[in-house]
Every structure is written in C-alpha cells, then in structure tokens.
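Following: one structure in structure tokens, then a few remarks.
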Amino acid sequence: MDLWSPLSRLFPAVLLTWTLFALCFQLGCSAANTSTPWPLLDNGLQHTVQWDHYSLLINGERLFLFGGEMHPFRLPVPELWEDILQKIEAMGMRMVSIYTHWGFHAPTPDSVDFRTGAHNLTCFLEMARDVGLYVMVRPGPYINGELSAGGMALWSTTGAYGTLRLNGTAYTHSWTPYQDGIARVTRPFQITENGTVIIFQIENEYGNQWRDMNHKIPNWEAISYVEKLEDNARKNGIVVPLTHNAPNQNGRAWSKDYDTVGAGGDVDIYGLDSYPQCWSCVTSECGSQPPFMPEFQGGAMNPWDGPAGGCQERTGVDFVNFYYRDNIAQRVTMLNLHMIYGGTNWGWLAAPFMGTSYDYSAAISEDRSIGDKFYEIKNLGLFTRVADELAFTDWPAFYVIRHVQTASASEEWFAIKVNTSIGEFYVPKISSAAVLSGNEGKILVADFHFGNQTLYYATAEVLTYSIIDGKEILVLWTPSGRSGEFYLNGATTGTVSSGQSVTFVGSDHGVIVANTQRGGLTVLEFDNGVRIILVDRKTAYKVWVPALTKDPGVPVDQTALVVGPYLVCSATLTGTTIRWNGADLPTTKTNRSTLVATIPQPRTILVPKIVDWKSHDSLPERDPSYSDAGPAWVLANDTTSPNPAFNLNTTTKPYLFADQYGFHTGIRLWRAHFSVPADSTSPPTGVCLSIQGGTAHGWSAYLNGVFLGSWLGDANADTSNPTLPFPANSTLLRGGDNVLLVIHDDTGHDQGSAAVAGTAGASSSPHGTIDALRTRYNEGGLTAERLGWHLPNFNPPSSFWESRSAPSEGFPGPGVRFYRGTLPLHIPRGLDVSLAFRFQPPLDPEQNNNLGYGYRVLLFVNGWQYGRYYPSIASEDTFPVPAGVLDYEGQENMVGLAVGVEVVVRYAVESGFDSKGIEGGYLRGGWEEVRREYA
Ligand code: GAL
C-alpha cells in the first residue's frame with residue numbers, strides 16, 4: 001500500500017517526539033536490564049522504590065506516576081476523604097499527595113494529636129491504601145499552602161524560638177515532636193510495610209543550600225536544618241525515598257547532581273514545581289520548567305481580591321489538555337497536580353490574603369463535585385495508567401503535537417512521520433489530514449502494545465484498554481467532527497458491531513481503519529479477537545475503568561469498562577449482576593457480551609430553610625462596667641519582646657504583639673484603661689492606633705461604650721494607623737477610669753519568614769486548647785466564641801436569648817451580635833448531597849451608600865467556622881459546608897452568626913457514597929462547662 005505523503009499545508013504545529021525502549025517492553029524484562037548508561041538507584045534502605053534517569057520503579061516495575069494533591073486538614077470530616085480518594089483513583093491517577101500541618105497537629109509545644117477527627121492520619125493512610133493509591137507525604141514543617149504562617153505552629157511565631165526554618169536549637173526542639181509524630185504515623189504505611197507511601201518530602205520549596213550557587217559555596221546553617229529533618233525521618237523509620245520540591249531550577253538546591261562539592265543535605269529524588277499560569281494567576285510573576293514535578297499547576301488559589309472561584313478559565317479544560325500533554329513531551333514521568341482537591345480554609349487556617357474557599361479551581365471542586373476539567377484529566381489519566389512505556393523514553397513511541405505558543409487559536413492540518421517496527425511513514429494514510437486546533441495537545445502512539453496486540457499507529461488518542469475474559473478491548477477517542485485513523489496488527493477484517501460506519505482497508509500487516517467521529521460510541525470487532533471502541537470527547541468523559549484490585553499499579557486484566565454514568569469509583573464482579581449504589585440492577589446481555597443496565601434519574605431535594613432565629617449581643621466588653629479580670633484576659637504589659645520583626649527601640653511599650661501573650665488566631669479584643677485627672681486642663685482629645693493585622697484586617701474602637709470608628713479593611717492593606725477623635729467631651733471621664741476597647745479582626749500570619757511579624761492587638765480567647773477537634777484555628781476572641789455559643793451543645797435557658805430575631809432584620813448602629821438558627825434536615829438515604837450557605841446583604845432602603853456592606857460575618861455551622869463573609873472586600877458569598885459537619889438527619893443543625901443567609905443545594909447525586917450515612921455526631925459537640933470561665 002502506498003504511504004500517504006505529507007500535506008503541503010503542514011504546521012506551524014510543532015512535533016515533539018520522544019522515545020521508548022521498546023525492546024525491553026517486548027521482552028518483558030525489567031528495567032534493571034536496560035542497555036542505557038543510567039544506573040538503577042535506590043537509597044540503600046530498601047529496594048522496593050527505585051529510580052533512574054527515566055522514572056520511578058516500584059517492585060521492579062517502571063511506571064508513569066500521575067498524582068494529585070489534597071490536604072486532609074482542609075476537609076475535616078475523615079468520612080469524606082474516601083470519596084476524594086476514590087475520585088482521584090477514578091481519574092486514572094496512581095498517587096495522592098498530602099501536606100500535613102504542623103500547627104493543626106501540634107496544639108502546644110509539648111503535645112501532638114494524630115487521633116482526634118481530621119488529625120487521624122492513620123485513617124487517611126489506611127483509606128489511601130484500600131482505595132489503591134500510592135501516597136506522597138509532605139509534612140513540612142513549613143508547607144506554605146496559602147496558610148497562616150505557612151502551616152507552622154502559631155505558638156512558634158513569637159520570636160522565642162529563634163529564626164524559623166533554620167538549624168537553631170530552640171526551633172529544632174519546637175518541630176521535633178511533630179516530625180517524630182508524623183514519621184511514626186507514616187512508618188507502618190510505607191510500601192515496604194503495610195501501606196502505599198512511596199515518597200516523603202523534606203521541607204517545602206526551601207532553596208538555601210548555597211550561599212553562592214555559582215561558586216558552590218555551601219550555606220551550612222540551612223544544610224544542617226535540612227539534615228536534621230532528614231535524620232529525624234530516618235531515625236523514625238522512614239525508608240522510602242526522600243524528596244524535595246524546588247520552586248524553580250535556578251536555586252539548584254538539594255540535588256545530588258548539583259551538589260558536586262559534597263555540601264550535604266541532598267535528597268534522594270529532586271523535584272521541581274511549576275505553575276505556568278502562575279500560582280496567583282498573574283503570569284508576569286512566574287516562569288516554567290521540567291522529570292519529577294511534585295507540584296504542577298492544577299488550578300489557582302482564590303485570594304480576597306482574586307477572581308471569584310479561582311482561575312477557572314485559564315486553568316480549565318484547554319489548559320489541562322495542553323499542559324499536561326506538554327509535560328509528557330518533556331519526559332516528565334512523575335507528575336503531581338497541585339491541587340486535585342483544594343477544599344476549605346475553614347476557621348482561621350488561611351494566610352491573610354486568602355478567604356474561606358480553597359476551591360483552587362481544582363478538578364474536584366470544594367463541594368466535591370466534578371465536571372469537565374475532572375473528565376479531561378481523566379482522559380489523560382486513564383491513558384497514562386495503561387501506557388507505562390511513557391515512563392521509559394528511548395524509542396519513538398509517542399508523538400506529542402501542540403502549537404509552539406499556547407495562545408494560538410489557529411487550526412492546523414497536519415500529517416506526521418511515525419517510526420514503527422514496520423518502517424517509517426506519514427500518517428494518516430487513508431483519511432484526510434489530522435487536525436490540531438487552538439490550545440489542543442495530542443499524543444499519538446506508534447507501536448503501542450495492548451495485551452498481545454499492537455497498534456502500529458493511531459491518529460485518534462488512546463483513552464485506555466482493558467483485558468476482559470482474555471480479550472483486549474481498546475478505546476480510542478477523537479473530538480467530534482474529526483477524523484481518526486489507526487492500524488491494527490494481526491487482523492485481516494473488522495466489522496462494525498454498533499455505531500457509525502468506518503472504512504476498513506486491509507494492509508500487509510493488518511487492518512487500517514478510518515472514521516469521522518460523529519459522536520457516541522462505535523464498537524468494532526476484529527477477526528483476531530480484538531474489540532476497539534471509538535468515542536468522541538464527551539463520550540470519553542463518561543468512560544470509566546474501575547479497578548478490580550487494590551494494587552495502585554492496576555494491572556490491565558483487573559479492570560472493568562463502564563460507559564455512561566457521572567462517576568464510577570469501584571466495581572466488583574459477581575456473575576451478571578450489576579450492583580449499583582448499594583442495589584442490584586437488572587441487566588440485559590448484548591450480543592457483544594456486554595451488560596446494559598438502566599439507572600434512575602437522581603432525586604431532587606427541597607431546599608432546606610433555616611428557622612427559629614435567636615440572638616444575643618456579643619460585645620459586653622465595650623461597657624466600662626464589664627469585668628476583664630477572668631482567665632480569658634491576659635495583662636498585656638510586656639516591656640521586652642522576642643519579636644524580631646519590629647524595631648523594639650522605636651515601638652511604644654508595652655509591646656502589644658498578640659502572639660507573645662498566647663493569642664494567635666481570629667478576632668482579638670484589646671481593652672485599655674486610662675485615667676484623666678479631674679482638673680486636667682488639656683485632656684486627651686482622641687487616640688492614635690497603630691495596627692498590623694494582615695491584609696484585609698479590620699477593626700472597630702469604643703471609648704467608654706461609645707463607638708469611635710471602624711475600618712472595613714482593604715484586600716491589600718496590612719496596617720492601619722487611625723487617629724480617632726473622641727466624639728464629645730462627655731465621652732471622656734475625668735477623674736475616673738476610661739476604657740478603650742478595640743476589636744481587631746486579624747487575618748492571620750504571613751507565610752515564609754514574615755510569619756513572625758506578629759500583630760499588635762490583644763485577644764481574649766482561651767489559649768486554644770479547649771476544642772481539641774476543631775482546634776484553635778476555629779475560633780477567636782469574641783464573647784460568643786469564648787463562651788461557646790457557636791457550639792451545638794450550648795443550651796442556655798430560653799430567657800438567655802434576646803427578642804431581636806432574624807439576622808436579615810439587621811441591627812441598629814455598630815456592635816457585634818450573635819445569631820443562632822436551626823436547620824432541620826432530612827436528606828434521603830442513597831444521595832450524595834452538598835449544601836452551601838449563601839449570604840445576601842440586607843437591602844439598604846436608601847440604596848445610595850454602602851451601608852449594605854458595612855459589616856463582617858463569621859458563619860459557624862454546628863460549631864465549625866465555615867465562612868468569613870467580608871462583603872466590602874471580597875465577592876465570596878457562598879460557603880459549602882460538608883456532610884458530617886451538617887447532620888443530614890438532624891432537627892438541630894445549628895447555624896451561628898449570620899446576616900441574610902440562605903441555604904442552597906449545590907448538587908444531589910444518586911451515589912454509593914451515602915452522605916447521610918456519615919456517623920458524624922462526634923464532629924458536632926464540644927461545649928464544656930469550662931467555657932463559662934471565659935466571660
Ligand atoms: C507553591 C507552594 C505551595 C502552594 C503553591 C501555590 O510554591 O509549594 O505550598 O503555596 O505554591 O498554591
């Protein structure tokens with residue numbers, strides 16, 4: 001047969017070819033038997049996880065490691081972790097990566113918690129193992145992650161522990177219990193023991209190995225810090241490879257290849273993070289590079305003033321399609337997406353510039369729903385799971401085709417010369433040219449082996465294949481309207497058993513098949529027993545390959561193929577019965593030996609309503625007669641400070657750095673007393689405040705109960721220096737005690753070295769150890785929080801509540817008011833439902849000023865702070881709250897502090913994951929008598 005020759009209209013598409021050592025694959029030999037100059041390495045502590053120049057090998061098997069990041073602490077309902085893990089696995093990924101959070105696990109310098117609620121990482125590692133995912137553990141102690149102090153324990157940020165992220169003794173002692181704890185929890189779950197952990201990361205994007213990188217002059221203090229962390233991991237039994245994630249190639253730190261002078265601290269496997277659309281979505285701030293990418297962009301964060309919902313457009317389907325294929329073109333063989341599930345910055349977890357959502361525009365949304373981005377990643381993920389040859393790159397087997405410029409929107413017709421075992425020739429051979437449009441990337445295969453079969457080439461993309469009853473079933477996809485072609489070895493004829501017509505052309509080594517994709521499913525049978533299914537992109541989105549094994553390697557003869565549903569996470573085979581979401585479905589068997597079942601439309605649920613509002617004033621502290629003698633209050637009169645961030649000589653005393661008084665999160669109350677002589681001829685006329693509060697901070701001030709002023713904040717301002725005149729002479733008391741009250745809404749600690757910046761202001765919350773489950777990140781110093789009014793089992797006599805009821809009525813003048821309502825829920829069983837709370841500003845009758853936005857709201861749901869609504873600063877107004885925090889069969893779901901809030905149903909899907917079935921009672925308690933002391 002004649003070879004089709006290239007079109008003259010070719011390109012400007014760029015063709016990137018790369019290679020696979022096919023001989024090895026054909027012989028079925030292990031990579032140890034390669035003829036390459038690259039040695040097979042391990043760290044000498046174990047031989048299960050090895051690596052070489054090309055890829056990782058697990059138990060001697062080379063693999064393309066595709067994974068995604070989630071943070072267990074950002075979804076504090078352990079029962080929901082499994083759902084995320086199953087979704088990751090359903091995408092064809094083999095790994096989940098986690099940060100663990102020092103501040104969350106170490107409430108005090110001498111205690112760690114790896115047990116209570118979401119602290120229970122044993123539960124997470126068991127689930128990951130049972131779902132069949134490898135795990136990368138990234139404990140920090142610094143993790144960045146858009147978190148207050150980058151996840152460092154807040155008590156370590158006073159300055160008393162010396163320079164953070166260095167080798168000093170106090171700082172080393174501070175992180176040791178946590179690093180000991182996380183390593184000990186991880187140890188039994190390593191792949192060498194009873195689990196699937198394969199990688200352990202040291203620190204996070206910590207460069208610093210060199211004082212002078214060009215001359216390789218070591219930075220001994222930083223090296224000693226990294227070595228202490230490495231020694232700690234090893235001492236506690238971590239034997240899997242240690243890795244590092246460099247923020248950019250220019251730092252050249254911690255890689256054995258860069259460290260030619262034996263400086264020390266080098267990890268086993270060096271990795272490079274890359275955010276081509278920039279982590280902030282501002283491309284001018286970032287560059288890009290290449291085979292282990294511990295963090296490749298999976299979306300983008302949602303800062304206060306960033307795009308609502310993150311960076312959905314620029315990191316959506318096109319981005320996924322183009323960039324992830326491009327990474328493959330650059331021979332990346334270990335690719336972890338940051339984030340695959342973002343979750344929520346509940347409470348005060350976030351860094352100052354971030355709001356409540358950490359949706360991250362990730363493939364799995366904050367409310368756990370999935371959509372086209374998820375499906376597009378799945379289209380590639382399923383391919384990477386069956387194309388282990390991707391991990392070994394010395395034979396032209398894959399052709400990645402893309403425009404040179406990502407921004408190109410033009411459509412190119414192209415043919416490409418492929419190198420196969422039957423020679424080199426241009427493809428497509430019998431159909432019109434292939435098409436590449438816009439931001440698309442394509443991976444075309446040559447000599448692709450599936451089971452005992454070979455495709456010499458395909459201009460359609462391989463979605464996946466499975467070996468079922470000893471028979472190979474291959475799925476190829478093409479965008480709708482496009483032609484696709486493939487050459488199957490060993491067959492002489494084929495037939496269409498259902499779907500569209502295709503062209504079969506017999507050839508010397510098999511059959512060439514061409515079609516134009518018109519949508520849907522076309523099933524072809526070949527006389528060598530092979531079945532090939534052709535689908536368009538949208539149909540491919542709903543093709544699932546559930547594993548019938550827990551082995552994260554997912555052998556191709558241990559999978560099922562399912563087409564149709566929104567999501568398929570797992571499958572079991574029992575004769576011809578399909579068990580679907582807990583029920584047996586009747587099936588019919590087709591003449592192709594497939595089973596067809598019909599599933600019902602999802603039930604809808606009624607939107608629930610919050611009822612029975614009650615309220616109480618929550619600012620008794622403004623009243624001069626209020627007593628601040630109780631244990632909630634600490635006398636802030638230090639004249640010395642360990643804080644290195646301020647020039648103490650020019651800062652007025654006493655020092656008001658809240659952290660050194662033990663207050664680290666949330667709204668702080670500062671109460672100051674001063675007297676003015678009765679006969680003073682020049683009494684003070686106002687007060688000057690100097691407030692460092694994190695970007696988006698805000699405050700209000702009162703003198704003797706009279707409102708002086710407030711600031712609603714600005715997404716970019718982290719300080720404010722107001723001068724507040726006393727409104728009338730009568731406000732100031734002469735010859736007696738004057739009480740100044742400042743409520744200071746502090747938005748948290750900066751990341752990196754600025755974590756120690758400290759904030760001026762005093763807080764009155766208990767020292768944060770009362771609520772072990774929700775931790776100190778959940779609450780600040782408001783009366784309602786100190787006394788636990790936000791907790792479900794706070795049950796005061798009904799006389800406690802004042803008459804003002806629904807928050808939508810608003811309240812006159814400045815103040816802080818706590819509202820409490822109940823949300824009765826009766827979610828039917830068998831549905832996975834996501835609910836969210838949406839705020840609407842109360843209507844300002846005048847409609848001519850901003851009064852409608854002159855407030856801030858904290859939302860508590862069953863005790864959990866699940867929303868910070870700052871309408872004057874951010875557009876974020878809807879806060880998804882997970883099942884488990886909400887009781888789906890509860891009369892008494894408690895909603896606290898709200899203005900004009902309504903509940904919205906984000907989605908309801910019929911599911912084997914039954915959100916109502918969560919036994920979450922233990923997540924919804926927490927009020928204890930001891931709270932009374934913090935009035
Ligand atoms: C990386 C960092 C992550 C996260 C990410 C942006 O530099 O390692 O922790 O902050 O940027 O989301």
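Applying the condition of being out of contact with any strand residue (DSSP E or B) (no Cβ under 8 Å at 6 or more places or on another chain) and charged (D, E, K, R) to region 640-678 and asking which residue is nearest to Gly736 (Cα to Cα) yields Lys653. One residue stands out in region 297-339 among those that are surrounded by fewer than 24 Cβ atoms within 10 Å (Cβ to Cβ) and within 14 Å of the ligand (Cβ to nearest atom): the one that is modelled with the lowest pLDDT, namely Gly306. For first residues located in region 616-631 and among the aliphatic types (A, V, I, L, M), partners that are in a loop (DSSP other than H, G, I, E, B) and open to solvent by 60 Å² or more (accessible area, probe 1.4 Å) and lie 6+ apart or on another chain with Cβ distances below 6 Å do not occur. Within region 776-792, being touching a strand residue (DSSP E or B) at 6+ places or on another chain (Cβ under 9 Å) and outside any helix (DSSP H, G or I) holds for Glu779, Gly780, Gly781, Leu782, Trp789, His790, Leu791, Pro792. All conditions in (1) of a type in the set (A, V, I, L, M); (2) at pLDDT 90 or above; (3) under 22 Å from Pro608 (Cβ atoms) hold for Ala806, with the sole exception of (2).
Every residue, every condition in (1) under 38 Å from the mean Cα position of the chain (by Cα); (2) of a type in the set (A, V, I, L, M); (3) in a loop (DSSP other than H, G, I, E, B), yes or no:
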| residue | (1), (2), (3) |
| --- | --- |
| Thr651 | no, no, yes |
| Trp670 | yes, no, no |
| Phe674 | no, no, no |
| Tyr702 | no, no, no |
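When Glu366 is tested against (1) away from the ligand (no atom under 16 Å from the Cβ); (2) part of a loop (DSSP other than H, G, I, E, B), just one condition goes unmet, and that condition is (1).
Every residue, every condition in (1) within 16 Å of the ligand (Cβ to nearest atom); (2) closer than 27 Å to Leu45 by Cα, yes or no:
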| residue | (1), (2) |
| --- | --- |
| Ser148 | yes, no |
| Met152 | yes, no |
| Gly162 | no, no |
| Lys216 | no, no |
| Trp220 | no, yes |
| Ser224 | no, yes |
| Arg234 | no, yes |
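For region 170-212, the set of residues classified as more than 25 Å from the chain's Cα centre (by Cα), of a type in the set (Ser, Thr, Tyr) and within 17 Å of Trp155 (Cβ to Cβ) consists of Tyr171, Thr172, Ser174, Thr176, listed by residue number.
Of all residues in region 802-837, those being surrounded by 17 or more Cβ atoms within 10 Å (Cβ to Cβ) and assigned to a loop (DSSP other than H, G, I, E, B) number 7. Selection of first residues in region 132-146 that are within 14 Å of the ligand (Cβ to nearest atom) and open to solvent by 10 Å² or more (accessible area, probe 1.4 Å) and of second residues that are not aromatic (Phe, Trp, Tyr) and not in a loop (DSSP other than H, G, I, E, B), restricted to Cβ pairs under 6 Å at least 6 apart or on distinct chains, gives the following pairs, ordered by first then second residue: Asn144/Gly150; Glu146/Met354. Of the candidates Pro177, Pro241, Pro188, the single residue that is assigned by TED's automatic domain parsing to the domain that holds Asp113 and under 29 Å from Asp750 (Cβ atoms) is Pro177. Could you tell me whether Tyr426 is open to solvent by 30 Å² or more (accessible area, probe 1.4 Å) and among the aromatic types (Phe, Trp, Tyr)? So Tyr426 fits the description; yes. Using the structure shown, decide if Ser480 is open to solvent by 30 Å² or more (accessible area, probe 1.4 Å), out of contact with any helix residue (DSSP H, G or I) (no Cβ under 6 Å at 6 or more places or on another chain) and not aromatic (Phe, Trp, Tyr). In short, yes.
The lone criterion from (1) over 37 Å from the mean Cα position of the chain (by Cα); (2) at positive phi left unmet by Thr587 is number (2). Using the structure shown, decide if Val445 is of a type in the set (A, V, I, L, M, F, W, C) and open to solvent by 10 Å² or more (accessible area, probe 1.4 Å). Judged against the criteria, Val445 is not a match. Selection of region 72-97 for residues being out of contact with any helix residue (DSSP H, G or I) (no Cβ under 6 Å at 6 or more places or on another chain) and within 16 Å of the ligand (Cβ to nearest atom) yields Arg74, Ser97.
The values are calculated or read from the model by the stated rules, or taken from the named source; none is laboratory data. Source: prediction; values computed, not measured. Note that we place each Cβ from the backbone using ideal geometry, even for glycine, and neighbour counts take in every protein chain shown. Quick note on the areas: whole protein, heavy atoms, side chains included, nothing else; ligands and nucleic acids left out. Shrake-Rupley method; radii C 1.70, N 1.55, O 1.52, S 1.80 Å.
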